[in-house]
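Written out below as structure tokens is the structure these notes cover.
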Amino acid sequence: MSNNEPPANGRIDQALNFQKYKSSDTTDLNTPYDYESIMHYSPFSFSKNKSLPTITTNILKFDGIIGQRQDFSSSDIKRLNQMYNCTRSLTLLDQCNFESADICGLVQERRDDADWVHKKSNSEDHDHSLRGKCEGGGYFMFFNTSVGKAGKTAILKSRILHPRRMQQCLQFFFKMTGSPKDKLVIWAQKDDGSGTVRTLVKLQTLRGKSGGSKTSSGGILIDDITLTETLCPNAVWHVDNISQLLDTAALNYTLKSPRFYSPEGYAYHLILSPRVLVDEESEKYMGIFFHLTSGEHDGALEWPAINRQATITVLDQDADVMKRMSIEKSFTTLETHVVKGT
Ligand SMILES: [Ca+2]
Ligand SMILES: [Ca+2]
């Protein structure tokens, strides 16, 4: 169909309703394509022959949903709130928990070798959003690397997002169960300066588990993607079985993090003490300590490291970034903290 012609079954006098618009002429207000919108036309809108549709959906199950006039969709409400300057999140750009078949408007690339599969939790692979809390529910995206030729690729692409700030942080949960040769590559496609989004920047390459067999027997799972307009944490320390540690660890038992480096190059460790004795009656506190340690760049750094800020966040892992109740504490290193050697 050209820009101004209706489909074969569309009424000529309604051609206006079939016009295509450039993304620069419209705005999606940072919301995904919305099959459930109260504004969406139905399959037989403006048709000459009422038994043939003018609109069919790429995801079949939405054929019966488009054109609904029952109520606003959740994205309709989000867009209305934005258009009329009602409350909106200042820092959340996008998030997806893959619980709906529309996979938040992410698009499967057609010119690659395969597609990601929208998969339901099973006994081996669990969804992250619901983590078994809801029986029979929980979806994630899966790329099977155990079949097909070596080097096959499946690309999942977001719609164009419109950031409002200078910094963005992309976070998601993933699991790679295949061979060490499996790769999950994160790309960002950016404005090339002329308003066209096409400049590709490789952000990171994640690899399958080391020590696995040469031929892959598993795949790649992703879930709970969030894109916020904040600084990403400098380092993430994942402590397994934290609930169990909080209940059963010996008093004043400590756990040491790997060595991390700050953006400036200072090396540091975190120490976690799951049960700390604060006073005689109580031993229910968890302590987290931060200390600098020797590192590869020490010779080139300024010492003592005064007026540097450290922020420690205990991350609530709720899949919905808006509902997380994380705890955050910051402190700045001062002259008075320096312990002078003799
Ligand atoms: Ca999920
Ligand atoms: Ca594909």
Within the stretch 131-144, residues within 16 Å of ligand 1 (Cβ to nearest atom) and surrounded by 16 or more Cβ atoms within 10 Å (Cβ to Cβ) come out as 138, 139, 140, 141, 142, 143
Scanning the stretch 145-162 for residues that are surrounded by 18 or more Cβ atoms within 10 Å (Cβ to Cβ) and touching a Ser or Thr at 6+ places or on another chain (Cβ under 9 Å) gives 145
The residue that is modelled with the lowest pLDDT, considering only those in the stretch 257-292 that are charged (D, E, K, R) and within 28 Å of the chain's Cα centre (by Cα), is 264
Just one listed residue, out of 180, 163, is modelled with pLDDT under 90, away from ligand 1 (no atom under 12 Å from the Cβ) and over 18 Å from the mean Cα position of the chain (by Cα), and it is 180
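Yes/no matrix, rows are residues, columns are (1) assigned to a loop (DSSP other than H, G, I, E, B); (2) more than 21 Å from the chain's Cα centre (by Cα):
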{"site": "81", "(1), (2)": "no, yes"}
{"site": "93", "(1), (2)": "no, no"}
{"site": "98", "(1), (2)": "yes, no"}
{"site": "124", "(1), (2)": "yes, yes"}
{"site": "130", "(1), (2)": "yes, no"}
{"site": "135", "(1), (2)": "yes, yes"}
{"site": "143", "(1), (2)": "no, no"}
{"site": "147", "(1), (2)": "yes, yes"}
Being among the polar types (S, T, N, Q) and surrounded by 14 or more Cβ atoms within 10 Å (Cβ to Cβ) narrows 37, 23 down to just 37
Selection from the stretch 113-141 of residues of a type in the set (Phe, Trp, Tyr) and away from ligand 2 (no atom under 13 Å from the Cβ) yields 139, 140
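Yes/no matrix, rows are residues, columns are (1) within 15 Å of ligand 1 (Cβ to nearest atom); (2) among the aromatic types (Phe, Trp, Tyr):
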position: 78; (1), (2): no, no
position: 83; (1), (2): no, no
position: 95; (1), (2): yes, no
position: 116; (1), (2): yes, yes
position: 123; (1), (2): no, no
Residue pairs qualifying under the 7 Å Cβ cut-off, at least six apart or on distinct chains, with the first in the stretch 184-209 being surrounded by 10 or more Cβ atoms within 10 Å (Cβ to Cβ) and the second being assigned to a loop (DSSP other than H, G, I, E, B) and among the β-branched types (Val, Ile, Thr), are 197/160
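The values are calculated or read from the model by the stated rules, or taken from the named source; none is laboratory data. Being a predicted model, the structure only gives us computed values, none of them experimental. Neighbour counts run over all protein chains shown; Cβ positions are idealised from the backbone, glycine included.
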